[in-house]
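Comments concern the structure below.
The values are calculated or read from the model by the stated rules, or taken from the named source; none is laboratory data. None of these values were measured; they are calculated from a predicted model. Here Cβ is always computed from backbone atoms with ideal geometry, including for glycine, and neighbour counts include all displayed protein chains.
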Amino acid sequence: MGCILGVSGLGVYQVVAYAYHETIDQGLESVTKALYKSIEPVWGEPKQLKQLAKQLSLNVCLTQVDCLLSQAAGIKQPLTEVTDPVNYYLRLLDESERPLTIAGVQLKQLPIATPAIRRQTLIDTSGIRYRQISLILRTQYQLTGYIQVGRSLKDLDQHLAALRLALFLGWLISMIVIAISSWYLAGLAMQPVYRSYQQMEQFTADAAHEFRTPLAAMHSTIDAVFQLYGQSGSELLSEPVSRTLQVIKRQNARLSKLVGDLLLLARLDQHQLAGEHHLCCLNDVINDLVEELAFLAIEAQVKLVQQLQTPKKLCILGNEEQLYRLISNLIINGIQAIPNGGQVTVTLESGDRCAFIIVQDTGIGIAPEHQGRIFGRFYRINKDRSRANGGSGLGLALACAIARAHKGSIQVQSQVNKGSTFTVKLPLQN
Ligand SMILES: Nc1ncnc2c1ncn2[C@@H]1O[C@H](COP(=O)(O)OP(=O)(O)O)[C@@H](O)[C@H]1O
Ligand SMILES: [Mg+2]
């Protein structure tokens, strides 16, 4: 809108300025021609031209066309009667372009300019512009001089400056009105979108919540069956039934984890858990996690190392359970990304009013085209591999949501076949 209005304003300005200039040029042309005609009988003789110059006395200030014309015709008219000054001037030059007389407005050092050019715009030393028309006075045999009629463009420039200001202010006011109304209208238009988004969030949270009870009931029923009839191969529980129950139990655990993740994500989206923040020490969280996940690392033949590079404990205001979830997701991802032995390093560093948790692995890495998308919900790079690991593609989405809920951020740097580095930045408690 700004561009369209700006271009339209520029167009209007150009048309008005052109019209002004044309009017001025036409006025000057008619004055010059009238003057030319009135002095036509006398210019043939250079002497007569000098006589005419005397009539158009140097210190007479002619400020009206009529006055100019009557002066030219030799009729004296008192200047005090001039009521509507238009700032015209008249210059009579001899054949070698020397001024014989200057009549009209007092010209402050206005250059004579070459009279051979018919229409010219001149600028005097004080910066005022003048429009001038030059006519050659010539008899059949010789050039006798030049007549130049011009007028100051001061009033025109003032009008154009006022027009520019008016157009600019109009543009500015329009932009403000457009911005405010767009903001208001966009808000109105977005309301149904916000509402449906909130309904979707609420639905996810409610559905996940409702799923938890039957899943938990199923889990405890299977456990109860195993407790009653023994794990497998007993008289009461045949081998195939036991195996089926094991599969159901495994899938149930997976589904319960997925539902738990979804519920946590929905609650984080709805800022439901913002009030449940306490002082948590990151050193302790990392220490506990490295200890807890050591077993998983050994199983995967991965070396899990922690580097707590802080002289004192780094504490933040947050939810300990969520922080455990965030860091463990990153460590588990790192361990799962290493196929044949390698190392996962968890580093804790303090920065300027923030803590950095860096989880670095020497695994398969992430190709650049996936790096921006792995934080999306249900996004998995290698679906078969993820499924085998029990991943649903929610791990990093959850990590990202938890970091955001703690006013922090998460970033990834990775090189294929060299490894990945996930950096979590969390603001420290002052
Ligand atoms: N450290 C890593 N190295 C290589 N790939 C990774 C790493 N972390 C995550 N990924 C990839 O990003 C995808 C998304 O990760 P995540 O959200 O944790 O899902 P999942 O639940 O499948 O683990 C996964 O499919 C995985 O392949
Ligand atoms: Mg994961």
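Annotations for the structure displayed:
- Residue count for segment 412-429, restricted to those that are away from ligand 2 (no atom under 16 Å from the Cβ), under 21 Å from residue 320 (Cα atoms) and assigned to a strand (DSSP E or B): 4
- Here is the figure for segment 243-279: residues that are touching a residue at least 60 places away in the same chain (Cβ under 8 Å) and either touching a helix residue (DSSP H, G or I) at 6+ places or on another chain (Cβ under 6 Å) or part of a helix (DSSP H, G or I) (or both) total 13.
- Segment 361-375 residues that are within 11 Å of residue 421 (Cα to Cα) and assigned by TED's automatic domain parsing to the domain that holds residue 419, paired with ones that are away from ligand 2 (no atom under 16 Å from the Cβ) and assigned to a loop (DSSP other than H, G, I, E, B) (beta carbon under 6 Å, 6 or more apart): 365/416; 365/417; 365/418
- Of all residues in segment 345-356, none satisfies the criterion of being surrounded by 18 or more Cβ atoms within 10 Å (Cβ to Cβ) and at positive phi.
- Members of segment 306-342 that are out of contact with any helix residue (DSSP H, G or I) (no Cβ under 8 Å at 6 or more places or on another chain), over 16 Å from residue 401 (Cβ atoms) and more than 16 Å from ligand 2 (Cβ to nearest atom): 307, 309, 311, 312, 317, 340, 341, 342
- If the condition is being under 20 Å from residue 344 (Cα atoms), more than 32 Å from the chain's Cα centre (by Cα) and near ligand 1 (Cβ under 6 Å from one of its atoms), then segment 382-419 contributes 386, 391, 395.
- Criterion (surrounded by fewer than 18 Cβ atoms within 10 Å (Cβ to Cβ), among the small types (Gly, Ala, Ser) and closer than 23 Å to residue 394 by Cα) met by exactly one of 372, 275: 372
Condition check ((1) at pLDDT 85 or above; (2) aliphatic (A, V, I, L, M)) across all residues:
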position	(1), (2)
122	yes, yes
132	yes, no
135	yes, yes
141	no, no
148	yes, no
159	yes, no
165	yes, yes
174	yes, no
185	yes, yes
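- Qualifying residue in segment 388-399 (condition: away from ligand 2 (no atom under 12 Å from the Cβ), modelled with pLDDT under 90 and loosely packed, with under 15 Cβ neighbours inside 10 Å): yes
- Matching entry among 325, 377, 373 (being basic (Lys, Arg), more than 20 Å from residue 254 (Cβ to Cβ) and within 12 Å of ligand 1 (Cβ to nearest atom)): 373
- Test: residue 164 is within 27 Å of residue 24 (Cα to Cα), in contact (Cβ under 8 Å) with a residue 60 or more places away in the chain and under 50 Å from the mean Cα position of the chain (by Cα): yes
- Pairing each residue of segment 409-423 that is on the phi < 0 side of the Ramachandran plot with any residue that is among the basic types (Lys, Arg), provided the two are 6+ apart or on different chains, yields C-beta distances under 9 Å for 409/425; 410/404; 410/425; 411/425.
- Within segment 307-328, the only residue that satisfies the criterion of being over 21 Å from residue 271 (Cα atoms), among the polar types (S, T, N, Q) and surrounded by 16 or more Cβ atoms within 10 Å (Cβ to Cβ) is 328.
- Residue tally, condition assigned to a loop (DSSP other than H, G, I, E, B) and either surrounded by fewer than 19 Cβ atoms within 10 Å (Cβ to Cβ) or of a type outside the set (Val, Ile, Thr) (or both), over segment 329-339: 2
Here's the yes/no breakdown for (1) in the same structural domain as residue 133 (by TED's automatic domain parsing); (2) at pLDDT 70 or above; (3) among the hydroxyl-bearing types (Ser, Thr, Tyr); (4) in contact with a helix residue (DSSP H, G or I) (Cβ under 8 Å, 6 or more places away or on another chain):
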| site | (1), (2), (3), (4) |
| --- | --- |
| 17 | yes, yes, no, yes |
| 33 | yes, yes, no, no |
| 38 | yes, yes, yes, yes |
| 55 | yes, no, no, yes |
| 58 | yes, no, no, no |
| 105 | yes, no, no, no |
| 114 | yes, yes, yes, no |
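Table: residues versus (1) among the small types (Gly, Ala, Ser); (2) closer than 30 Å to residue 329 by Cβ; (3) at pLDDT below 90; (4) in the same structural domain as residue 329 (by TED's automatic domain parsing).
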residue	(1), (2), (3), (4)
190	no, no, no, no
201	no, yes, yes, no
235	no, no, yes, no
242	yes, no, yes, no
262	no, yes, no, no
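- Of the listed requirements (1) under 36 Å from the mean Cα position of the chain (by Cα); (2) farther than 27 Å from residue 251 by Cα; (3) surrounded by fewer than 19 Cβ atoms within 10 Å (Cβ to Cβ), residue 342 misses just one: (1).
- Residue match in segment 322-335 (condition: at pLDDT 90 or above and farther than 22 Å from residue 297 by Cβ): yes
- Every listed requirement among (1) more than 7 Å from ligand 1 (Cβ to nearest atom); (2) of a type in the set (Gly, Ala, Ser); (3) crowded, with 16+ Cβ neighbours inside 10 Å; (4) more than 27 Å from residue 284 (Cα to Cα) is met by residue 365 save one, (1).
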